[in-house]
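J.: There's a structure below that I have some questions on.
The values are calculated or read from the model by the stated rules, or taken from the named source; none is laboratory data. Note that the coordinates shown come from a computational prediction; the quantities given were computed from them, not determined experimentally. Cβ atoms come from the backbone with ideal geometry, glycine included; neighbour counts cover every protein chain shown.
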Amino acid sequence: MITVQVDLGERSYPVLVGAGARHRLLEVLPVGARRAAVVTSPGIDVPVDPGIEHRTFAMPAGEEAKHLGTVEDLCRDWAAWGLTRGDVVVAVGGGVVTDTAGFAAAIYHRGVPVVHVPTTLLGQVDAAIGGKTGVNLPEGKNLVGAFWQPCAVLCDIEALETLPPWEYRSGLGEMAKYAFLGVDHLPDLPLDEAVAACVACKAEVVAADEREGGRRAVLNYGHTLAHALETAGRYDLRHGEAVAIGLVYAAELARALGRIDGERVAEHRRVVGGYDLPMTVPPGLDPDEVVDLFARDKKAVEGVTFVLDGPRGVEPVRVEDRRLLRATLEALR
C-alpha cells in the first residue's frame, strides 16, 4: 500500500493507493463516528464495509445526475435517516458520485465528514483528491460547489479491473495531463505507482493553493476546451477523452502564441496518442459556439483564460484573440 499525504495542516489527510485499499475504510473513519451514509450508484459493484452502522443511498448514474436536485434528494434522505454532524458520508464511485456526494456532505448540517472511495481511474488520479466538490448547471459544468476536504481517500486498484475499456480510457485522459505537470516517465510506471504519482503531484499543488487562488489552476490543463465540449452536450465524449483533445488544443494554442515550439506540441501528441486517446475535435463541431462557451469556464474571471504550456511551465494565460481561438479549433478537425 502506498500512502500519499495531502498536507493541509489540521485538515491533512491520507490517500491510500493499492490493491484492497477499500478494506482499510474503518481505519480512516473519523473518531467517534456512529453511522455512515454510503453513497453510490447502480452498476458500481464495489462493496465496502464501514464497520459501523450504515445505510446505502443510491443516486442515479451518469453525468446527468450531477445536479442540485440529486443533492437535495441526498440531504433529505440523510435527514430522514437521522444523519448528524458526528457521523460520516462514504462516497463510493466515480467522479460524479464523489463530486455530488462530497458537495452534499459539505452543505448538510453545514458540513459532515466524508471519505472518498473512487472506483474509476479518473476518480483516483483526480476527481476524489483535493476537496473540490460540485454539480453542474445547464449553463456549465461545476458552476455550483464548495471546497470540502475528505478525511481520507482510498484508491483501490482492484476496483479498476472491472471497468469497461471506454471508462478506463477516460481515466487515461485525465492521467495524461500529469505528464506535463511534472510526473516523469508516467506511461512506464506500474498502475499503482502511476496513480500514486499523479496523486502526489496533485497533493503538492493543492497544499500550496487549496482554494485555487493561483497555482491550482494548472490542474485544469486541457479542461477549458473539455468543459466547453461537455457543456455543448451533443458530442459523444467521455470526460477524459475531452481532456485529451483539450491538451492537444492547448498545445497548439500555446504554439500559435509563441509560448512553445513544434517539438513540444509533438510531445503532447505522443503522450495523448500513446494512451490511444482522440486528438481531433468531434465531427460537426461549431467553433463559434465553443468559443462562446470558453467564457463560462470557472477560470474566466477577466475574459477567456486558458492554462497553457510555456517557458515557465504550465500556467493560466488570458487569451483575447477570438479569431485565434477559432482558427486553432479549425486546425484540429
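J.: Quick check on region 62-74. Is at least one of its residues closer than 23 Å to GLU158 by Cα and under 24 Å from the mean Cα position of the chain (by Cα)? Before the answer, list the steps.
T.: Initial filter on region 62-74 (closer than 23 Å to GLU158 by Cα): 62.
Next, only the ones that are under 24 Å from the mean Cα position of the chain (by Cα) stay: 62.
Looking for residues that are closer than 23 Å to GLU158 by Cα and under 24 Å from the mean Cα position of the chain (by Cα), one finds at least one in region 62-74, hence yes.
J.: How many of the residues in region 207-236 are closer than 19 Å to GLY310 by Cα and either in a helix (DSSP H, G or I) or at pLDDT 90 or above (or both)?
T.: 11
J.: Output the number of residues of region 156-172 satisfying the condition of being touching a Phe, Trp or Tyr at 6+ places or on another chain (Cβ under 8 Å) and either of a type in the set (A, V, I, L, M) or at pLDDT 95 or above (or both). Can you show your working first?
T.: Step one: list which residues in region 156-172 are touching a Phe, Trp or Tyr at 6+ places or on another chain (Cβ under 8 Å), which gives 160, 169, 172.
In the following step, the residues that additionally are either of a type in the set (A, V, I, L, M) or at pLDDT 95 or above (or both) were identified as 160, 172.
Number of matching residues: 2.
J.: Let me ask something else about it. Six or more apart or on different chains, Cβ atoms under 8 Å: show the pairs whose first residue is in region 137-161 and of a type in the set (Lys, Arg) and whose second is outside any strand (DSSP E or B).
T.: LYS141/HIS227; LYS141/GLU230; LYS141/THR231
J.: Just the residues that are closer than 16 Å to LEU154 by Cβ and free of Cβ contacts under 8 Å to residues at least 60 places away in the same chain, please, taken from region 1-11. If you could, list the steps in order and put the result at the bottom.
T.: First, the residues of region 1-11 that are closer than 16 Å to LEU154 by Cβ: 1-6.
Answer for region 1-11, where residues must be closer than 16 Å to LEU154 by Cβ and free of Cβ contacts under 8 Å to residues at least 60 places away in the same chain: MET1, THR3.
J.: While we're looking at this one, here's another question. Return the residues of region 200-215 that are under 13 Å from the mean Cα position of the chain (by Cα) and within 25 Å of GLY303 (Cβ to Cβ); say none if nothing qualifies.
T.: Those that are under 13 Å from the mean Cα position of the chain (by Cα) and within 25 Å of GLY303 (Cβ to Cβ): none in region 200-215.
J.: Now a separate question. State whether the residues of region 267-279 include one that is farther than 23 Å from GLY233 by Cβ, charged (D, E, K, R), touching a residue at least 24 places away in the same chain (Cβ under 8 Å) and not in a helix (DSSP H, G or I).
T.: yes
J.: THR119 - would you say it is in the same structural domain as ILE44 (by TED's automatic domain parsing), surrounded by 22 or more Cβ atoms within 10 Å (Cβ to Cβ), closer than 23 Å to TYR13 by Cβ and free of Cβ contacts under 8 Å to residues at least 40 places away in the same chain?
T.: no
J.: If you go through region 256-266 one residue at a time, do you hit one that is surrounded by 20 or more Cβ atoms within 10 Å (Cβ to Cβ), more than 27 Å from GLY94 (Cα to Cα) and not hydroxyl-bearing (Ser, Thr, Tyr)?
T.: Going through region 256-266, the residues surrounded by 20 or more Cβ atoms within 10 Å (Cβ to Cβ) turn out to be 260.
Okay, now just the ones that are also more than 27 Å from GLY94 (Cα to Cα), so 260.
So of that shortlist, the ones also not hydroxyl-bearing (Ser, Thr, Tyr) come out as 260.
Yes, region 256-266 contains a residue that is surrounded by 20 or more Cβ atoms within 10 Å (Cβ to Cβ), more than 27 Å from GLY94 (Cα to Cα) and not hydroxyl-bearing (Ser, Thr, Tyr).
J.: Here's a follow-up. Of all residues in region 132-147, which are under 20 Å from GLN5 (Cα atoms) and buried (at least 21 other Cβ atoms within 10 Å of the Cβ)? Talk me through it step by step, then tell me what you get.
T.: Pass one, region 132-147, residues under 20 Å from GLN5 (Cα atoms): 132-133, 147.
The answer is LYS132, THR133.
J.: I'd like to check something: does region 74-88 contain any residue that is among the polar types (S, T, N, Q), within 25 Å of VAL199 (Cα to Cα) and either assigned by TED's automatic domain parsing to the domain that holds PRO150 or at pLDDT below 95 (or both)?
T.: no
J.: Another question, then. Any chance you could count how many residues in region 178-206 are farther than 20 Å from GLY145 by Cβ and either at pLDDT below 90 or in a helix (DSSP H, G or I) (or both)?
T.: 18
J.: Please determine, by comparing only the residues of region 143-177 that are of a type in the set (D, E, K, R) and part of a helix (DSSP H, G or I), which one is nearest to the chain's Cα centre (by Cα).
T.: Only one residue tops the list, namely GLU174.
Condition check ((1) of a type in the set (A, V, I, L, M); (2) touching a residue at least 24 places away in the same chain (Cβ under 8 Å)) across all residues:
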residue: GLU64; (1), (2): no, no
residue: CYS75; (1), (2): no, yes
residue: TRP81; (1), (2): no, yes
residue: GLY102; (1), (2): no, yes
residue: VAL114; (1), (2): yes, yes
residue: ALA127; (1), (2): yes, yes
residue: GLY131; (1), (2): no, yes
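J.: Here are some conditions: (1) modelled with pLDDT of 95 or more; (2) surrounded by fewer than 24 Cβ atoms within 10 Å (Cβ to Cβ); (3) closer than 23 Å to ASN220 by Cβ; (4) in contact with a Lys or Arg (Cβ under 7 Å, 6 or more places away or on another chain). ILE129 meets all but one. Which one does it not meet?
T.: (2)
J.: Continuing with the same structure: Looking only at region 19-32, decide whether some residue is in contact with a Lys or Arg (Cβ under 8 Å, 6 or more places away or on another chain), surrounded by fewer than 23 Cβ atoms within 10 Å (Cβ to Cβ) and farther than 23 Å from LYS202 by Cβ. Spell out how you get there, then give the answer.
T.: The initial filter retains those residues of region 19-32 that are in contact with a Lys or Arg (Cβ under 8 Å, 6 or more places away or on another chain), namely none.
No, that holds for no residue.
J.: Among the residues that make up region 237-249, is at least one of them at pLDDT 95 or above and in a loop (DSSP other than H, G, I, E, B)?
T.: Checked region 237-249: no residue is at pLDDT 95 or above and in a loop (DSSP other than H, G, I, E, B).
J.: Another question about this same structure. Taking the residues in region 307-330 that are β-branched (Val, Ile, Thr) and in a strand (DSSP E or B) as candidates, determine which candidate is nearest to LEU285 (Cα to Cα).
T.: To start, the set of residues in region 307-330 that are β-branched (Val, Ile, Thr) comprises 307, 314, 317, 319, 328.
Pick out the ones that are also in a strand (DSSP E or B) and you get 307, 317.
Working: VAL307: 22, VAL317: 24 Å.
Top of the filtered list is VAL307.
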